[in-house]
Amino acid sequence: MDMEFLCYHRDRSGSLPLRDELLEEHWSYMDRYAKEMIARGPTLADDGDTPTGSVHIVDLPDPAAARTFAFDEPNYQAGAYRDVLLRRWRNLLGRTMWDFPGGRSGGNRYLVLGLGAGQAADLAVPTDRDDLIAYGPLLSDDGSTWLGTAVLLRAPDPQTARAVLTPDRYAEIEVHNWQFGGRPA
């Protein structure tokens with residue numbers, strides 16, 4: 001049985017020219033994982049255009065395969081990323097981003113990362129799920145320890161996106177502009 005993983009590569013400052021140079025290599029690499037992909041796309045600066053990172057949620061056989069996926073990626077190999085967050089993840093919506101009824105565009109999209117502290121929180125999908133693209137807990141490699149929650153969603157603004165998580169249950173909550181990714185049609 002495969003496992004789901006969230007991989008968030010955060011860009012190194014000034015890496016945009018390198019990312020542009022490696023764009024086809026990145027897409028070709030990700031094409032190899034098309035069947036395993038649950039969600040993908042860049043995080044963006046407040047200008048809505050400049051990449052700040054790259055999110056991929058994939059279904060892979062084990063933690064070793066997830067590490068290979070994360071660290072063999074061409075942008076990582078070339079030094080475009082400053083760090084990588086790689087965690088087991090559980091797909092509580094049971095679908096891919098391509099199944100999101102809201103479609104690929106329209107409205108603001110966000111990645112919300114709640115980095116855990118203590119007892120698990122937000123393990124149930126919110127009742128208002130119409131704007132949720134992906135939702136699930138971040139877990140240790142063996143799946144036994146809750147480390148946080150990761151959400152992709154459509155929301156009017158960052159504050160509304162942040163409110164999807166219970167604020168006092170996390171050491172930190174990050175909100176990043178995000179857009180549907182993949183090779184252009």
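Where a number appears in this text, it was derived from the coordinates with a stated rule and is not lab data. Values in this document were obtained by computation on a predicted structure and should not be read as measured data. Neighbour counts run over all protein chains shown; Cβ positions are idealised from the backbone, glycine included.
What is the percent of Cα-Cα separations in segment 3-89 that go past 22 Å? Tail of P(r) above 22 Å: 20 percent of Cα pairs. Could you list the residues of segment 76-105 with an amide nitrogen less than 17 Å from a label point located 7 Å from the Cα of residue 16 in the Cα-to-C-beta direction? Within reach of a label on residue 16, which here means backbone N under 17 Å from a point 7 Å along Cα→Cβ, segment 76-105 contributes 80-82. Once C-alpha pairs closer than 8 Å and six or more residues apart are averaged by separation and normalised to the residue number of the chain, the relative contact order reads 27 percent. From largest to smallest, the equivalent ellipsoid semi-axes obtained for segment 97-178 from the alpha-carbon gyration tensor read 22, 14, 10 Å.
With all pairs of different C-alpha atoms in the average, the Kirkwood value for the hydrodynamic radius of segment 1-46 is 12.6 Å. With Cα atoms defining each centre, segment 8-70 and segment 118-166 are spaced 20 Å apart in the structure. For segment 42-105, dividing the convex hull volume of the Cα atoms by the residue count gives 123 Å³ per residue.
A helix-only calculation puts the chain at -4500 deg cm²/dmol for mean residue ellipticity at 222 nm, using -39500 (n - 2.57) for each DSSP H run of at least four residues, averaged over all residues. Looking at segment 1-71, the trypsin sites (Lys or Arg not before Pro) that sit in a DSSP loop and have at most 10 other Cβ atoms within 10 Å of their own Cβ are 32.
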